[in-house]
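Nothing in this text is a laboratory measurement; each read-out follows from the coordinates by a stated rule. Treat the numbers as computed from the prediction; the structure is a model and nothing was measured. For neighbour counting, all protein chains shown are included, and Cβ atoms are generated from backbone atoms with ideal geometry for every residue, glycine included.
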Amino acid sequence: MLSWISISMRSLSSGVAISLLLLIIYKIISSKLKFRKYLEDSARLGCAPAPTLHSNNLLGTSRLRESIKATKEDRGPQYVVSAMNEVGPHIHTVRVPILDYELLVTRDPENVKAMFSTQTSEYDISATRSSAFMPLLGEGIFTSTGAQWKHSRALVRPQFSREEISNLDLVERHVRTLMRVLKVNGSGWTETLDLQPLMFYFTLDTATEFLYGQSVNSQAAIAGLESSKNGIDGAAFSKHFSTAKHLVDKRGALGKFYWLMPMSEMQMHCRAIHEVIDKMISDRLSSKRDPLCMEEKGTRKFVLLDELAKETQDLKELRNETLHTLMAGRDPTGALLGWVWYFLARCPDVFSKLRKTVLEQFGTSTDSPISDFSDLRRCEYLQWVIHEVVRIAAIIPMNERVALKDTTLPRGGGEHGSKPIFVRKGIQVLIPLYAIQHRPDIWGDDVEEFRPERWRGRRIGWEWIPFGGGARKCLGQQFAFTESSYCIVRFLQRFDAVENMEGPGEIKLHTAIENRSGTGVKVRFHEVSK
């Protein structure tokens, strides 16, 4: 009996192995036939195929493994550059086959312009992206397409055209809390600290107050400055949000195989986040205050939720739309501010020049008034520094589109990449912004150096789109630059020196949708003598 079972199990195992082998053979043959048909269609349309980024194995999975490994080692964006350069340093669009699945990767601004602007009706975000974000954000401006996206855009867009989004009083309140966290000792120096998480706490606090009329006060919570006034643990909320975003990024990196990732941990963090957001929405909507939120002093306080609630009372829709805006308001700006001090601590000449410029324009006191964003925008060198940080660190390292129909891209085909490419319906096109922003032929041979002066007189085109472009361009760009600029100015007014306490080493790009430093931002500051 036992021998019969043993024989049966061996037969079953052999059967499974043979079936798997036959499936692999079928997938390989199917892929070859599809590519042959693609070449025929491409030639008929006067297009040429993009060069292929070959894998080291027959299945085409080695590139996927290498990419996952590089991302774990905080060098994912650099891997994309090196892999494309293997095909050729002057090749900017490649085809990447994986099993019977293929995608295109392009670092050509002309192709980006086509997908985001001139051929925008033929491309949109992929179902892969939507599915990756959906457990955390739900339906909203970053995850929807078609009529649902137009509805979300129409709901949110008018609110970002208002003067109130540049109200600096909100930012000032949370900058002051941040300054209380940064304590100096008898020598005038702060202790060595990792500034990066503090920047995310700061942007979380400003974003939640802007959205919901109340802040989660994560800065005060982590520093023990004050207890929660609304029953919300801001530090815990921040951790849930960061972890959920990291899991979203891992889910998205799996591409069409996103469903392989276990969901229990993701669901736990999303549930905790949704409970806090639902509480803040309920608190606001049930408040006795008028829709414009009149403060005790009689000044008007703009709250995005108040404006959205005039258009819809659907609690789930309000949660979804505000969560989309919360992620956009917290994470890119938090990462940007961390990177600013990462580079300034390593470039003392830039720090000195920037501080001199800021003090001349805004004064030496942290109480000096700054009226609005136009004042900050006129500080040219400050804007150069921010632009260069965004370029070299590529705050948002990757974007993507999928072809909605059989269509084309203007460049990338043929041996030299100069011919148009035929793109079949359903093909995903990855847009590695880091790779675009690190092309020496666009930015100069010193592309890896932090040099704000490269922005002098530069006209910005499709080679620099950190906030996306076209109809899907991020609505919060002005708010992000306002908040960042204001915070930097206040730092420079209080501190006259910053030191890199990490020491030398290669830059590590930890990707969690946005790029942040994989080693943190370990610095210390010296306070101006009083």
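List of remarks:
- In region 114-250, inverting the average of 1/r over every pair of distinct C-alpha atoms gives 17.9 Å as the Kirkwood radius.
- Whole-Hz ³J(HN,Hα) from phi, Karplus 6.51 cos²θ - 1.76 cosθ + 1.60, for region 394-405, glycine and proline x: 6, 3, 9, x, 9, 10, 6, 8, 10, 6, 7, 7
- Gyration tensor over the Cα atoms of the chain: the corresponding equivalent ellipsoid has semi-axes (square roots of 5 times the eigenvalues, largest first) of 42, 28, 24 Å.
- Between Phe35 and Ala127, the contour length at 0.36 nm per residue exceeds the alpha carbon distance by 30.8 nm.
- Hull-based mean projected area of region 373-420, where the convex hull spans the alpha carbons, in square nanometres: 6.4 nm²
- Grouping the Cα pair distances of region 173-293 into 5 Å bins from zero gives a pair-distance distribution of 2, 10, 17, 18, 16, 14, 11, 7, 5, 2, 0, 0 percent in increasing distance order.
- In this structure, the pairs whose alpha-carbon distance is over 31 Å, taken from Lys279/Lys405; Lys150/Lys250; Lys183/Lys316; Lys113/Lys316, are Lys279/Lys405; Lys183/Lys316; Lys113/Lys316.
- Förster radius 25 Å - calculated FRET efficiency between Arg378 and Val528 (Cβ-Cβ, nearest 0.05): 0.60
- Among His246, His269, the order by Cβ neighbours within 10 angstrom, fewest to most, reads His246, His269.
- Dimensions in Å of region 343-401 - Rg and Dmax from alpha carbons: 14.1, 47
- Cross-link partners for Lys301 among the aspartates and glutamates, with Cα-Cα distance under 15 Å and sequence neighbours closer than 8 places in the same chain left out: Glu163, Glu164, Asp169, Glu172, Glu209, Asp290.
- Against the chain, whose longest principal axis is taken from its Cα atoms, helix 380-393 shows a tilt of about 30°.
- The alpha-carbon atoms of region 420-530, seen along their principal axes, cover 65, 32, 31 angstrom, with the largest extent given first.
- Convex hull per residue volume in Å³, alpha carbons only, for region 193-232: 57 Å³
- Share, in percent, of DSSP beta bridges within the chain that are antiparallel, nearest 5: 85 percent
- Restricting region 428-530 to GluC sites (Glu not before Pro) that sit in a DSSP loop and have at most 15 other Cβ atoms within 10 Å of their own Cβ leaves Glu448, Glu449, Glu506.
- Hull-based mean projected area of region 108-173, where the convex hull spans the alpha carbons, in square nanometres: 7.0 nm²
- Seen from a random direction on average, the alpha-carbon convex hull of region 316-355 projects onto 3.0 square nanometres.
- Each 5 Å bin from zero holds the following percent of Cα-Cα pairs in region 164-211: 5, 18, 27, 21, 14, 9, 5, 2, 0.
- Reachable aspartates and glutamates from Lys245, criterion Cα separation under 14 angstrom, eight or more residues apart if same chain: Glu265, Asp331, Glu514
- Percentage, to the nearest whole number, of Cα pairs in region 294-398 over 21 Å apart: 57 percent
- Euclidean distance of C-alpha centroids, region 334-359 and region 400-452, integer Å: 31 Å
- 14 Å Cα-Cα reach of Lys508 towards aspartates and glutamates, excluding residues that sit fewer than 8 places from it in its own chain: Glu73, Asp74, Glu448
- For region 61-176, the Kirkwood hydrodynamic radius from C-alpha pairs, put into Stokes-Einstein at 25 °C and a viscosity of 0.890 mPa s, yields a diffusion coefficient of 136 µm² per second.
- Segment Asp367-Met263, extension gain: residue separation times 0.36 nm, minus the distance between their alpha carbons: 32.6 nm
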